[in-house]
Amino acid sequence: MDESPNCAICNGPATPECPCESDRLQIAVKQAEDRAMQARLQEIRDWVVSHARQHILNAFERLSSARKQSTAQYLGSLPYYSVYVQYSGRPPIHPMHLAPLQAQISEAHADLKRGIDADWRSSVLRYPEVLDYFYSLVELRLPSPTSPRVMEPPFATAGYADAGYGHVRVKKEKKKRRERSEREGSAAPPDYAREHMYTVAGRMRGPPPVPTPPIQPGYPTPPPNAYYNHGY
Ligand SMILES: [Zn+2]
């Protein structure tokens, strides 16, 4: 008898060709991802963008203010410049001196504008690198696979008892061991008791028990409840 369940969606026999379940799963995953991640992704994006923007603005500010300073220094070094400023661009000096001064001033201003444009451009072009940097500061942490919240999710509150995946696995292992020891006519291996304690009391604290090879048929002391499984 084929014990594998029929397709949960179309009720056809479970075959690799029936795409219903994996299609539905894909949709469910996408929807769950949206529910779980959209708000967080938006929050992360806002955080990254605002820090990146602030960094770019600060960097541009440093570049352009250094440039403005050196332009001011250069202008201050020109002959007659202080008189020119003092008389708001109409200094009482001979046109022979005024004309070259005006040319130097407007050239310096044009230089400054070109420089500021270049500073802005080079700052903005750094966005990819700066965004990468701030995204790299965001930590994504998955819980430990042995965390109680992973092993025993609290679905019992949803109206049915869920013993968690750990129990299922441990029970299956125990069943296998029982079957094996029945077949081999030997008692349960001596590590049974230790593992039993571990799985009940310490399951949450460490890695899952390492499978051990079957113990040679002999006369180890079986754990108390092993007798129930042997028809003694
Ligand atoms: Zn189907």
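The values are calculated or read from the model by the stated rules, or taken from the named source; none is laboratory data. What you see is a predicted model; the values in this text were computed from it and never measured. When we count neighbours, we look across all protein chains shown, and the Cβ atoms used for this are built from the backbone with ideal geometry, even at glycine.
Determine if the stretch 33-49 includes at least one residue that is of a type in the set (K, R) and either within 16 Å of the ligand (Cβ to nearest atom) or more than 22 Å from the chain's Cα centre (by Cα) (or both). Checked against the condition, which is being of a type in the set (K, R) and either within 16 Å of the ligand (Cβ to nearest atom) or more than 22 Å from the chain's Cα centre (by Cα) (or both), the stretch 33-49 yields no hits at all. Inspect all residues belonging to the stretch 70-79 and state whether any of them is in contact with a Lys or Arg (Cβ under 9 Å, 6 or more places away or on another chain), modelled with pLDDT of 95 or more and part of a helix (DSSP H, G or I). No; the residues of the stretch 70-79 include none that is in contact with a Lys or Arg (Cβ under 9 Å, 6 or more places away or on another chain), modelled with pLDDT of 95 or more and part of a helix (DSSP H, G or I). Restricting the first member to the stretch 118-134 and to residues that are assigned by TED's automatic domain parsing to the domain that holds Q54, and the second to residues that are in a helix (DSSP H, G or I) and among the charged types (D, E, K, R), the beta-carbon pairs closer than 7 Å and six or more apart or on different chains are D119/R67. Restrict the check to the stretch 62-70 and report whether at least one residue is more than 16 Å from the ligand (Cβ to nearest atom), farther than 30 Å from A118 by Cβ and surrounded by 13 or more Cβ atoms within 10 Å (Cβ to Cβ). Among the residues of the stretch 62-70, not one is more than 16 Å from the ligand (Cβ to nearest atom), farther than 30 Å from A118 by Cβ and surrounded by 13 or more Cβ atoms within 10 Å (Cβ to Cβ), which makes the answer no. Answer yes or no: is there a residue in the stretch 8-24 that is away from the ligand (no atom under 16 Å from the Cβ) and either of a type outside the set (D, E) or not in a helix (DSSP H, G or I) (or both). No, there is no match, as no residue in the stretch 8-24 is away from the ligand (no atom under 16 Å from the Cβ) and either of a type outside the set (D, E) or not in a helix (DSSP H, G or I) (or both).
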